[in-house]
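Report on one structure; see the data block that follows.
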């Protein structure tokens with residue numbers, strides 16, 4: 001009997017393909033908003049194995065909080081959080097207060113959700129327009145979205161954008177990177193496997209790549225409920 005293919009095993013969500021939370025340093029999310037502005041000092045900047053962007057521990061008057069680090073911020077820097085914060089790199093403020101054309105990252109999808117968009121290293125969105133209650137932002141995917149002007153974001157560009165320029169040098173480095181993110185390494189091409197090990201193994205595919213819309217979550221991977229496949233005939 002053949003075994004479950006890699007892509008279906010990943011969709012099923014076993015321990016091998018799960019990004020373990022005990023590897024993470026902290027959960028990075030904005031705290032509840034308050035009127036005015038509060039100042040915080042960056043205590044330390046650390047690497048979080050669960051993400052590719054560095055994070056910083058910031059001391060505010062009432063608490064300590066982990067935030068994503070923007071470019072240009074170092075230990076000892078002062079950042080502002082609140083609706084009265086100055087529009088400056090590193091400060092956290094509502095989108096309605098951000099000037100047009102400014103880069104922002106860690107953008108909230110809905111007010112007070114803690115930040116959902118543009119959280120990866122070296123990424124940022126661009127604020128392009130404002131209305132009375134909505135703000136239009138261009139995400140890193142080049143898609144324009146309208147968000148509430150009360151959604152918060154950090155001004156600037158997320159730090160760590162040059163991480164891909166550093167070579168892995170050896171396979172062990174790549175192994176530990178993928179392990180921290182719940183991925184399998186090394187990855188073997190499905191076509192190079194035996195037919196018993198993968199549905200694409202052997203000399204040809206032998207089975208449709210599409211999957212039904214009603215398939216269970218562990219099996220629903222690849223081209224889901226595709227209307228058609230293959231090359232179009234003229």
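The values are calculated or read from the model by the stated rules, or taken from the named source; none is laboratory data. Here the structure is a predicted model, which means the values were calculated and not measured. Heads up, the Cβs are rebuilt from the backbone with ideal geometry, glycines too, and the neighbour counts pull from every protein chain shown.
Structure notes:
- Of the residues 152, 187, 163, the single one that is surrounded by 10 or more Cβ atoms within 10 Å (Cβ to Cβ) and at pLDDT below 90 is 163.
The rows are residues; the columns are (1) within 18 Å of residue 128 (Cβ to Cβ); (2) in a loop (DSSP other than H, G, I, E, B); (3) in contact with a strand residue (DSSP E or B) (Cβ under 9 Å, 6 or more places away or on another chain).
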| site | (1), (2), (3) |
| --- | --- |
| 49 | no, yes, no |
| 72 | no, yes, no |
| 83 | no, yes, yes |
| 88 | no, yes, yes |
| 96 | yes, no, yes |
| 101 | yes, yes, yes |
| 111 | no, yes, yes |
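- Among the residues of segment 102-123, those that are at positive phi and crowded, with 16+ Cβ neighbours inside 10 Å comprise 106, 115, 118, 122.
- Options 32, 53; residue that is under 16 Å from residue 115 (Cβ atoms), within 17 Å of the chain's Cα centre (by Cα) and assigned to a loop (DSSP other than H, G, I, E, B): 53
- In the set 43, 79, only one residue is more than 15 Å from residue 156 (Cβ to Cβ), modelled with pLDDT of 80 or more and not in a loop (DSSP other than H, G, I, E, B); that residue is 43.
- Of the residues making up segment 145-180, those that are outside any strand (DSSP E or B), in contact (Cβ under 8 Å) with a residue 40 or more places away in the chain and either farther than 24 Å from residue 45 by Cβ or touching a helix residue (DSSP H, G or I) at 6+ places or on another chain (Cβ under 9 Å) (or both) are 149, 150, 151, 180.
- Scan of segment 1-29 for residues that are assigned to a helix (DSSP H, G or I) and closer than 27 Å to residue 189 by Cβ, ordered by number: 6, 7, 8, 9, 10, 11, 12, 15, 16, 17
- Meets criteria (outside the structural domain of residue 194 (by TED's automatic domain parsing) and modelled with pLDDT under 90) for residue 34: yes
- The selection criterion, being over 16 Å from residue 49 (Cα atoms) and buried (at least 20 other Cβ atoms within 10 Å of the Cβ), does not hold for residue 169.
- Residue under evaluation residue 203, criteria (1) in the same structural domain as residue 58 (by TED's automatic domain parsing); (2) in a loop (DSSP other than H, G, I, E, B), criterion not met: (1)
- Summed over segment 217-234, residues that are closer than 24 Å to residue 12 by Cα and assigned to a loop (DSSP other than H, G, I, E, B) total 8.
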